[in-house]
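Since the structure comes first, as structure tokens, the remarks are kept for the end.
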Number of protein chains: 2
Amino acid sequence: MSESQNLGLNPNVSVDCVVFGFDKAGLKVLLIERDNPDNTEGKNYQLPGDLIRNDEDLDEAANRVLKELTNIDNLFLQQFAAFGNPLRVKRENDLEWLRSIRKDPDARVVTIGYYALIKPEDFAPSASSFARKAEWVRYEDVPELAFDHNLILESGLASLKQKMRSEPVGFELLPAKFTLRQLQNLYETVMGVEIDKRNFRRKVQGMKFLVALDEKQKGVAHKPAQLYRFSNNNYKDSFSATFDFA
Amino acid sequence: MSESQNLGLNPNVSVDCVVFGFDKAGLKVLLIERDNPDNTEGKNYQLPGDLIRNDEDLDEAANRVLKELTNIDNLFLQQFAAFGNPLRVKRENDLEWLRSIRKDPDARVVTIGYYALIKPEDFAPSASSFARKAEWVRYEDVPELAFDHNLILESGLASLKQKMRSEPVGFELLPAKFTLRQLQNLYETVMGVEIDKRNFRRKVQGMKFLVALDEKQKGVAHKPAQLYRFSNNNYKDSFSATFDFA
């Protein structure tokens, strides 16, 4: 086995990418529809993912697979968890498809999950390889996915939320100068909660990494709002999480 | 391949356990020495780890492997990362040992890392399977380990520290009633930093989940210190990390 295996894809390890997009329309997820002519009964949507090659690192595999299936490249993909339920690729609908595409469709596959958060407008996916569609789907509209991909998606979102609670994630999705309303909208959308405006503004007051600019919005119909910027220097100086005693 | 593979160990996926111990002597790590009579030139210490079985979940595998090698059972092992450098099991010293023990010693192996933090006094390891020793080693004294296990150890420690900064990890390693000195010692030891006593006490004042008891130490030679307990209820009410706007 090892000789042939060394040259190609590893039958037992895959990567799956949960690429989140945030824009005015809300939170989106990048999905592919797999090319599966014999099976048109749904459950053909999935996360972009595939087996790793025996000569590549996991991070490298995640980037390659995403590019092969969606033509999206050069993302910072963050590894977040491994998924290894022994039955995760054993659903009949999935096996049927695997038999049409893989050498060893019955092999046990452990998959490593990666996530990224990007601006969908900067990355237009186009399908290739075994994907016949690659598209942004609103998070609320995500259908039942192949394999355990709904679980992987939820786990990726939980990891993103966790990171967002403790690190300044997502500021790069806002304009360089943003309003507190825009910031609140970003947090509400990704965290999936409504935040009381007063509470939000009170907390923001204590955050030295949010710098109020001597500048207001222009060309808006409503009363122009104060603009802010994110200061990475102030962030580095001020950071202290709940249990950070030092 | 799939038939025989389904019955036994998966050649391409393993788990490795980073079990940390904390006690008065400091931070320790549970290591095994592998049974390798032909190779006595060092690098025979490693983390407890082995290939997964094709019929078991990853968490299950981590617990089984730890028990098989060290006879330590029933830990809460937390998955923290997957390691997949294509060359991670290709060092000559390691290959030699793999050839003596594995069916397919040249196979690419991706490993899933797990960690736990426990009281070493509650868990006395004893070696079995391919381990000829299983023992607690002071973190400062950890030698060069087999494979990429030094990397996995450091990564596991980084994950533990990260968790400790945002969640009440480790209180179960202290007595139910503890002094601030004991708490500071726990944080200093795991985080690997010295904390200014005044800063520490000032921060502690704001933490409602630390409840001062109407009780002091007994039977100590020095001036008895105030005792505290951890309140999980207060913790749940009060928790808010830096970016927790809600």
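Name every residue in segment B:157-204 that is over 20 Å from the mean Cα position of the chain (by Cα) and among the charged types (D, E, K, R), in order of residue number. Answer for segment B:157-204, where residues must be over 20 Å from the mean Cα position of the chain (by Cα) and among the charged types (D, E, K, R): B:LYS177, B:ARG181, B:GLU194, B:ASP196, B:LYS197, B:ARG198, B:ARG201, B:ARG202, B:LYS203.
Scan segment B:168-203 for residues that are in contact with an Asp or Glu (Cβ under 9 Å, 6 or more places away or on another chain) and polar (S, T, N, Q) and report the count. Result for segment B:168-203: 0.
Restricting segment A:50-79 to residues that are in contact with a strand residue (DSSP E or B) (Cβ under 8 Å, 6 or more places away or on another chain) and within 9 Å of another protein chain (Cβ to nearest Cβ), the residue that is surrounded by the fewest Cβ atoms within 10 Å (Cβ to Cβ) is A:ASP59. A:ASN74 meets each of the listed conditions (1) in contact (Cβ under 8 Å) with a residue 12 or more places away in the chain; (2) part of a loop (DSSP other than H, G, I, E, B); (3) more than 29 Å from B:ASP55 (Cα to Cα) apart from (1).
Would it be correct to say that B:ALA176 is assigned by TED's automatic domain parsing to the domain that holds B:LYS28 and not charged (D, E, K, R)? Can you show your working first?
Working: assigned by TED's automatic domain parsing to the domain that holds B:LYS28: no; not charged (D, E, K, R): yes.
When the stated conditions are applied, B:ALA176 does not pass them.
Considering the conditions (1) within 13 Å of another protein chain (Cβ to nearest Cβ); (2) of a type in the set (Ser, Thr, Tyr); (3) without any contact (Cβ under 8 Å) to a residue 60 or more places away in the chain, B:THR189 is excluded by exactly one of them, (3). Listed by first and then second residue, the pairs with beta-carbon distance under 6 Å, at least 6 apart or on different chains, first residue in segment A:120-146 and hydroxyl-bearing (Ser, Thr, Tyr), second assigned to a strand (DSSP E or B), are A:TYR139/A:LEU27; A:TYR139/A:VAL29.
Confirm whether A:ALA116 is surrounded by fewer than 22 Cβ atoms within 10 Å (Cβ to Cβ) and touching a residue at least 60 places away in the same chain (Cβ under 8 Å).
yes
Taken together, B:ALA146, B:ALA131, B:ALA107 contain a single residue that is touching a strand residue (DSSP E or B) at 6+ places or on another chain (Cβ under 8 Å), over 30 Å from B:ASP23 (Cβ atoms) and not basic (Lys, Arg), which is B:ALA107. For segment A:92-106, does any single residue satisfy the condition of being crowded, with 18+ Cβ neighbours inside 10 Å, within 19 Å of A:VAL15 (Cα to Cα), more than 14 Å from chain B (Cβ to nearest Cβ) and not small (Gly, Ala, Ser)? Yes: segment A:92-106 contains one or more residues that are crowded, with 18+ Cβ neighbours inside 10 Å, within 19 Å of A:VAL15 (Cα to Cα), more than 14 Å from chain B (Cβ to nearest Cβ) and not small (Gly, Ala, Ser). So, of the residues in segment B:107-122 that are of a type outside the set (A, V, I, L, M, F, W, C) and within 11 Å of chain A (Cβ to nearest Cβ), which turns out to be farthest from A:LEU58 (Cα to Cα)? The qualifying residue farthest from A:LEU58 (Cα to Cα) is B:TYR114. When segment B:18-36 is limited to residues that are more than 18 Å from B:ASP73 (Cβ to Cβ) and among the small types (Gly, Ala, Ser), the one that is surrounded by the most Cβ atoms within 10 Å (Cβ to Cβ) turns out to be B:GLY26. Of everything in segment B:25-43 that is under 30 Å from B:GLN182 (Cα atoms) and small (Gly, Ala, Ser), the residue that is modelled with the highest pLDDT is B:GLY26.
Of B:ALA124, B:ALA61, B:ALA107, B:ALA81, which residue is more than 24 Å from A:ILE52 (Cβ to Cβ) and of a type outside the set (S, T, N, Q)?
Numbers: B:ALA61 fails: more than 24 Å from A:ILE52 (Cβ to Cβ); B:ALA107 fails: more than 24 Å from A:ILE52 (Cβ to Cβ); B:ALA81 fails: more than 24 Å from A:ILE52 (Cβ to Cβ).
Result: B:ALA124 is the single residue among B:ALA124, B:ALA61, B:ALA107, B:ALA81 that is more than 24 Å from A:ILE52 (Cβ to Cβ) and of a type outside the set (S, T, N, Q).
Per the listing B:LEU213, B:LEU227, the residue uniquely among the hydrophobic types (A, V, I, L, M, F, W, C), at pLDDT 90 or above, over 24 Å from the mean Cα position of the chain (by Cα) and over 26 Å from B:LEU27 (Cα atoms) is B:LEU213.
The values are calculated or read from the model by the stated rules, or taken from the named source; none is laboratory data. Fair warning: this is a prediction, and the values are worked out from it, not measured in the lab. Every residue, glycine as well, gets a Cβ built from its backbone with ideal geometry; the counts of neighbours run over all protein chains shown.
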